[in-house]
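Q: This is the structure I want to talk about, given as structure tokens.
The values are calculated or read from the model by the stated rules, or taken from the named source; none is laboratory data. Just so it is clear, the model here is predicted, and its values are computed rather than measured. Neighbour counts are summed over all protein chains in view; Cβ atoms, including those assigned to glycine, are modelled from backbone coordinates with ideal geometry.
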Amino acid sequence: MTDNSISYRSSWLKHFIWLFALLVLLIISSIMIGSVYIPLDQIWLAIWSASGADPTWQSIIWDIRMPRALTAVLAGVSLSVAGLHMQTLFRNPLAGPSVLGITSGASLGVAFLVLGGGFATGIYALQQLGVTAHWLVFIFAFLGATVVLFIILFVSFRVTDNVVLLIVGIMVGNITLSLVSIWQYFSAPEAIRDFLIWTFGSFDSVSWSMINIFFWVAMSGFILSMILSKILNTMLLGDQYAISMGVHVRRARVSIILVTALLAGVTTAFCGPIGFVGIAVPHLARAIIRDTDHKLMIPFSALIGAIIAVFCDIIAQLPGSQYTLPINAITALIGSPVVIMVILGSKNLKGAF
């Protein structure tokens, strides 16, 4: 191993440690501040269930703030890795998790539940099966995302051009959004309000049982992404190069789409459509590590995505007040200027694709 390679590994490892420390600090801050400030010593006592912990603060930490912080971390990881996959697959710096219409499909599923006939089904499930409203939203959102996924997979088997697949995905997304708009036009104002609130995105409505599923799905997607890292590296250089390296391009494309749909679908189902993160974070990761190797890009994108999501959630909570801003508004408001600066400061952004 040369001195240059040792120095390079030491550099990105140092960056990773600093970013991880920042994430831990932000998670602690997210638990501390909000409508009610909780001292750090009480957080420590509550986490370890030690004597002297205030029962009210303990309830706030375990029932509200800890699930919200962990949800933000998982959402940031999932959307960032999914966005990196799409930018690599289509070699397009503007591609994101929603580019294949998966997010729009989830919105269509929720619209069916809230705005359409699915509402009666939802009420019946609540009464007969004891299913909570949050679980119903997750189920219908995931079903909607799955329907669109099968459409995209069917198209991917029939076309060989990634650009065609990209256009089809965008068109499918537009069709689902059009159906949702028509549904909204004929719906009651109360139902439209409920659906609109869901589209704002939120990390507040995920329970511990949901986090358990969210965690394993997100980690499975992350592990599969790391397994696909070598294939992603070859596909970044074009289909012809990938074929010359022995990669079965169509099979690889289907694998990437499935992992992306898994990560983006579960995040949208649990948290609603969260914008900006999937598009912006891969650019931030490239700017920090100055490399396109997916063995580095995937973990760095996941870590930076978690940081961005938790930070935006802290701002959205408006510490010291009883109000909560839409998370989508905060991710765009805070992140867009950062991405613009990164893009303008990059001398070879196009070369990364």
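Q: Among the residues of the range 279-299, are any touching a residue at least 24 places away in the same chain (Cβ under 8 Å), hydroxyl-bearing (S, T, Y), closer than 23 Å to G34 by Cα and part of a loop (DSSP other than H, G, I, E, B)? Reasoning before the result, please.
A: Start the filter on the range 279-299 by keeping residues that are touching a residue at least 24 places away in the same chain (Cβ under 8 Å), which leaves 279-289, 291-299.
From the residues that got through so far, the ones that are hydroxyl-bearing (S, T, Y) too are 292.
Next, from what is left, pick out any that are closer than 23 Å to G34 by Cα: none.
Checked against the condition, which is being touching a residue at least 24 places away in the same chain (Cβ under 8 Å), hydroxyl-bearing (S, T, Y), closer than 23 Å to G34 by Cα and part of a loop (DSSP other than H, G, I, E, B), the range 279-299 yields no hits at all.
Q: Quick one: in the range 230-254, of everything that is crowded, with 17+ Cβ neighbours inside 10 Å and within 25 Å of the chain's Cα centre (by Cα), which residue is farthest from A82 (Cα to Cα)?
A: Among those that are crowded, with 17+ Cβ neighbours inside 10 Å and within 25 Å of the chain's Cα centre (by Cα), it is T234.
Q: Pull out all pairs, ordered by first then second residue, where Cβ-Cβ is under 9 Å, the residues are six or more apart or on different chains, the first lies in the range 28-46 and is over 10 Å from I60 (Cβ atoms), and the second is among the polar types (S, T, N, Q) and in a loop (DSSP other than H, G, I, E, B).
A: Taking only residues 6 or more apart or on different chains, the pairs are S30/Q317; I33/Q317; L45/S51.
Q: Ok, one more. From the list N348, N328, pick out the single residue that is of a type in the set (S, T, N, Q) and either closer than 21 Å to W12 by Cα or at pLDDT 90 or above (or both). Give the steps one after another, and end with the answer.
A: Details: N328 fails: either closer than 21 Å to W12 by Cα or at pLDDT 90 or above (or both).
Only one candidate qualifies: N348.
Q: Also, quick follow-up: Could you tell me whether the range 312-324 includes any residue that is under 15 Å from the mean Cα position of the chain (by Cα), surrounded by fewer than 23 Cβ atoms within 10 Å (Cβ to Cβ) and either of a type in the set (V, I, T) or more than 17 Å from A218 (Cβ to Cβ) (or both)?
A: Kept after step one, since they are under 15 Å from the mean Cα position of the chain (by Cα), are these residues of the range 312-324: 312-313.
Filter again for surrounded by fewer than 23 Cβ atoms within 10 Å (Cβ to Cβ), leaving none.
There is no residue in the range 312-324 that is under 15 Å from the mean Cα position of the chain (by Cα), surrounded by fewer than 23 Cβ atoms within 10 Å (Cβ to Cβ) and either of a type in the set (V, I, T) or more than 17 Å from A218 (Cβ to Cβ) (or both).
Q: Let me confirm something: among V155, V180, V137, which residue is within 20 Å of A309 (Cβ to Cβ) and either without any contact (Cβ under 8 Å) to a residue 60 or more places away in the chain or not in a loop (DSSP other than H, G, I, E, B) (or both)?
A: Values: V155 fails: within 20 Å of A309 (Cβ to Cβ); V180 fails: within 20 Å of A309 (Cβ to Cβ).
Testing whether each residue is within 20 Å of A309 (Cβ to Cβ) and either without any contact (Cβ under 8 Å) to a residue 60 or more places away in the chain or not in a loop (DSSP other than H, G, I, E, B) (or both) leaves just V137.
Q: Here's another thing I want to ask about it. Give A332, A302 a once-over and let me know the one that is aliphatic (A, V, I, L, M), within 12 Å of the chain's Cα centre (by Cα) and over 17 Å from R91 (Cα atoms).
A: On the way: A332 fails: within 12 Å of the chain's Cα centre (by Cα).
Being aliphatic (A, V, I, L, M), within 12 Å of the chain's Cα centre (by Cα) and over 17 Å from R91 (Cα atoms) holds for just one of A332, A302, which is A302.
Q: Against the definition (in a helix (DSSP H, G or I), closer than 23 Å to L166 by Cα and not small (G, A, S)), how does I256 come out, yes or no? Break it down into steps so the answer makes sense when it comes.
A: Working: in a helix (DSSP H, G or I): yes; closer than 23 Å to L166 by Cα: yes; not small (G, A, S): yes.
Considered against the rule, which asks whether it is in a helix (DSSP H, G or I), closer than 23 Å to L166 by Cα and not small (G, A, S), I256 comes out as yes.
Q: Quick one: which of V206, V247, V254, V281 is farther than 18 Å from A106 by Cβ and modelled with pLDDT under 85?
A: V247
Q: Go through the range 130-166 residue by residue and tally those that are under 22 Å from the mean Cα position of the chain (by Cα) and either charged (D, E, K, R) or under 30 Å from G238 (Cα atoms) (or both). Full working, then the answer.
A: Kept after step one, since they are under 22 Å from the mean Cα position of the chain (by Cα), are these residues of the range 130-166: 133-153, 165-166.
This time we only want the ones that are either charged (D, E, K, R) or under 30 Å from G238 (Cα atoms) (or both), so: 145-153, 165-166.
Matching residues across the range 130-166 total 11.
Q: Please list, ordered by residue number, the helices (runs of 4 or more DSSP H) wholly in the range 21-131 having 2 or more residues that are touching a Leu at 6+ places or on another chain (Cβ under 8 Å) and at pLDDT 85 or above. Steps first, please.
A: Working: elements: 40-47, 55-60, 66-90, 102-114, 118-129.
Because the criterion is at least 2 residues that are touching a Leu at 6+ places or on another chain (Cβ under 8 Å) and at pLDDT 85 or above, the helices (runs of 4 or more DSSP H) in the range 21-131 that meet it are 66-90, 102-114.
Q: Quick one: which residue in L143, L136, L153 is buried (at least 19 other Cβ atoms within 10 Å of the Cβ), closer than 30 Å to R251 by Cα and modelled with pLDDT of 75 or more? Steps first, answer last, please.
A: Numbers: L136 fails: closer than 30 Å to R251 by Cα; L153 fails: buried (at least 19 other Cβ atoms within 10 Å of the Cβ).
After ruling out the rest, the residue left standing is L143.
Q: In the set V168, V163, which member is part of a helix (DSSP H, G or I) and at pLDDT 85 or above? I'd like the intermediate steps shown before the answer.
A: Details: V163 fails: at pLDDT 85 or above.
The unique qualifying residue is V168.
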